[in-house]
Amino acid sequence: MELKNLREQIDQIDHEIIIRILQRRELIRQVAEYKTEHHLPVFAPDREQQVLSKVGEQVGHDNINPGLKLVYGILMDLNKLYEYQIQPKEFEIPTALGGASVRAILSDHPGALTRYLSPLAAADISITGIHSQAMPGGKMAVDIEMVGKIQDPGFIAALSVLSDTAEQFTLL
Ligand SMILES: C=C(O[C@@H]1C=C(C(=O)O)C=C[C@H]1O)C(=O)O
């Protein structure tokens, strides 16, 4: 088959994937409303584990599996960014207006840092400094300096996602 034809089929599938992601997003909006009404937290770690397990089961032992789980993790973080704009978290922000520095302790596994940083890119926040260090017990300490309008809902939403995912999270 011709390359052009194969790419047309890929374009069609991309179109369908995007439509489905937007439909998923509409359901997320309804979940967010439900959570606000019932005073439930945005981050549902058990549910996220369930979603990731289902992805893993469907893909099986194909070597795309870790990558697809990463993509799915990032998709869920994007959804939480969206939910936090509906239901913002309160932060004591000790830093200057133009940015923030945070220290987080993460569990150290392949892809952990990549996923951890993704909400920043998604919220259009630049990372100006980063330092990570392995710690005993399979953990990692990461210091991140970022610039952006800290009062913006998108910035607060990104900090909210970062604070959820870390085992410890401190705004410096
Ligand atoms: C949509 C939800 O909110 C968040 C986003 C999730 C998702 O994108 O699938 C899953 C769990 C939550 O952390 C939910 O709680 O179901």
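Do we have residue 158 as free of Cβ contacts under 8 Å to residues at least 12 places away in the same chain and outside any strand (DSSP E or B) here?
Spelling it out, it is not the case that residue 158 is free of Cβ contacts under 8 Å to residues at least 12 places away in the same chain and outside any strand (DSSP E or B).
Step by step: first the residues of region 19-49, then only those that are within 22 Å of residue 73 (Cβ to Cβ) and over 18 Å from the mean Cα position of the chain (by Cα), then the one that is least open to solvent (accessible area, probe 1.4 Å). Which residue is that? Walk me through it before giving the result.
Step one: filter region 19-49 for residues within 22 Å of residue 73 (Cβ to Cβ), giving 19-32, 35, 40-49.
Subsequent filtering for residues that are over 18 Å from the mean Cα position of the chain (by Cα) retains 19-20, 23, 30, 35, 40.
Numbers: 19: 74, 20: 157, 23: 88, 30: 92, 35: 24, 40: 74 Å².
It comes out as 35.
Kindly evaluate residue 164 against the criterion of being modelled with pLDDT under 95 and open to solvent by 50 Å² or more (accessible area, probe 1.4 Å).
Working: modelled with pLDDT under 95: yes; open to solvent by 50 Å² or more (accessible area, probe 1.4 Å): no.
In short, no.
For the structure I just gave you, tell me whether residue 151 is part of a loop (DSSP other than H, G, I, E, B), of a type in the set (S, T, N, Q) and more than 19 Å from residue 48 (Cβ to Cβ). Step through it out loud before you land on a result.
Working: part of a loop (DSSP other than H, G, I, E, B): yes; of a type in the set (S, T, N, Q): yes; more than 19 Å from residue 48 (Cβ to Cβ): yes.
For residue 151, the condition - part of a loop (DSSP other than H, G, I, E, B), of a type in the set (S, T, N, Q) and more than 19 Å from residue 48 (Cβ to Cβ) - is met.
Would a scan of region 35-45 turn up a residue that is within 20 Å of residue 68 (Cβ to Cβ) and within 9 Å of the ligand (Cβ to nearest atom)?
Yes - at least one qualifying residue is present in region 35-45.
Could you grab the pairs with beta carbons closer than 6 Å, sequence gap of 6+ or different chains, first residue in region 38-60 and in contact (Cβ under 8 Å) with a residue 24 or more places away in the chain, second one open to solvent by less than 90 Å² (accessible area, probe 1.4 Å) and near the ligand (Cβ under 9 Å from one of its atoms)?
Between residues of region 38-60 that are in contact (Cβ under 8 Å) with a residue 24 or more places away in the chain and residues that are open to solvent by less than 90 Å² (accessible area, probe 1.4 Å) and near the ligand (Cβ under 9 Å from one of its atoms), the close pairs are 42/80; 42/83; 43/164; 48/76.
I want to confirm something. Restricting to region 50-69 and keeping residues that are among the aliphatic types (A, V, I, L, M) and more than 14 Å from the ligand (Cβ to nearest atom), which single residue is surrounded by the fewest Cβ atoms within 10 Å (Cβ to Cβ)?
64
Kindly indicate which of 32, 104, 112 is small (Gly, Ala, Ser) and more than 30 Å from residue 134 (Cα to Cα).
Details: 104 fails: more than 30 Å from residue 134 (Cα to Cα); 112 fails: more than 30 Å from residue 134 (Cα to Cα).
From the options 32, 104, 112, the qualifying one is 32.
Does any residue of region 36-48 turn out to be over 30 Å from residue 154 (Cβ atoms) and not β-branched (Val, Ile, Thr)?
Initially, region 36-48 is screened for residues over 30 Å from residue 154 (Cβ atoms), giving none.
No, region 36-48 contains no residue that is over 30 Å from residue 154 (Cβ atoms) and not β-branched (Val, Ile, Thr).
Considering only region 119-140, state which residues are open to solvent by 20 Å² or more (accessible area, probe 1.4 Å) and of a type in the set (A, V, I, L, M).
Within region 119-140, 121, 122, 123, 127, 130, 134, 135 qualify.
Would you say residue 76 is of a type outside the set (Asp, Glu), surrounded by 15 or more Cβ atoms within 10 Å (Cβ to Cβ) and more than 25 Å from residue 172 (Cα to Cα)?
Considered against the rule, which asks whether it is of a type outside the set (Asp, Glu), surrounded by 15 or more Cβ atoms within 10 Å (Cβ to Cβ) and more than 25 Å from residue 172 (Cα to Cα), residue 76 comes out as yes.
The values are calculated or read from the model by the stated rules, or taken from the named source; none is laboratory data. The shown structure was predicted, so the numbers you read here are calculated from the model rather than taken from an experiment. Note: ideal-geometry Cβ built from the backbone for every residue, glycine included; neighbour counts use all protein chains shown. Protein only, heavy atoms only, side chains kept; ligands, DNA and RNA dropped before computing areas. Shrake-Rupley method; radii C 1.70, N 1.55, O 1.52, S 1.80 Å.
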